[in-house]
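Reviewing the structure listed below.
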């Protein structure tokens, strides 16, 4: 059984984002740290993806007592894209995982260590993804009624400062990469 994961997209928060392969982890971390408004936060995350008709639905577990259920919708293109999302927090992620697994079925799981930096409205993620390698994500958290073009410009500016080249950009979610790798 699959379900629609989205109601009305116009009421959902929006990010402008990119994902890129990281070739030089240490140098990219130094650049991100120099731009960050806060100290580095390192997060161990396990994302379980569930079947749904529209968009994606994942449970992100930080610990046995802390998690987030995230429904999101975005185009799978390399380059700048918008993402609409809904997030709800849970103190019982394992119980929620079992409920969703039994109701919807699991697509797969992604484990990663995330290095989180913040720069203005932008979350800079440097991820070490199990079985895949190292990646960078930029997520500009848009304000309500803020023009998407502003977020796109923020992404371009940070790409330049972080020395991310267009050929390093990738499309899709980590889950897609894992499924593709397992299929080959």
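Here are the numbers:
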item: Where residue 77 falls short, out of the listed (1) at pLDDT below 95; (2) farther than 28 Å from residue 133 by Cβ; (3) exposed (fewer than 14 other Cβ atoms within 10 Å of the Cβ); result: (2)
item: Criterion: outside any loop (DSSP other than H, G, I, E, B), closer than 21 Å to residue 73 by Cα, within 20 Å of the chain's Cα centre (by Cα) and touching a residue at least 60 places away in the same chain (Cβ under 8 Å) - qualifying residue of 138, 126, 118; result: 138
item: Residue 48 vs. criteria under 27 Å from residue 155 (Cβ atoms), crowded, with 18+ Cβ neighbours inside 10 Å and touching a helix residue (DSSP H, G or I) at 6+ places or on another chain (Cβ under 9 Å); result: no
item: All positions within segment 163-175 that are buried (at least 17 other Cβ atoms within 10 Å of the Cβ) and farther than 13 Å from residue 81 by Cα; result: 164, 168, 174, 175
item: Filter result for residue 153 (assigned to a helix (DSSP H, G or I) and within 13 Å of residue 16 (Cα to Cα)); result: yes
item: Residue check, residue 99 surrounded by fewer than 18 Cβ atoms within 10 Å (Cβ to Cβ) and either in contact with a helix residue (DSSP H, G or I) (Cβ under 9 Å, 6 or more places away or on another chain) or at pLDDT below 95 (or both); result: no
item: Some residue of segment 59-66 being touching a strand residue (DSSP E or B) at 6+ places or on another chain (Cβ under 9 Å), at pLDDT 95 or above and closer than 13 Å to residue 173 by Cβ; result: yes
item: Any chance residue 180 is without any contact (Cβ under 8 Å) to a residue 24 or more places away in the chain, farther than 22 Å from residue 121 by Cβ and under 20 Å from the mean Cα position of the chain (by Cα); result: yes
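The values are calculated or read from the model by the stated rules, or taken from the named source; none is laboratory data. In this text, all values refer to a predicted model and were calculated from it rather than measured experimentally. For neighbour counting, all protein chains shown are included, and Cβ atoms are generated from backbone atoms with ideal geometry for every residue, glycine included.
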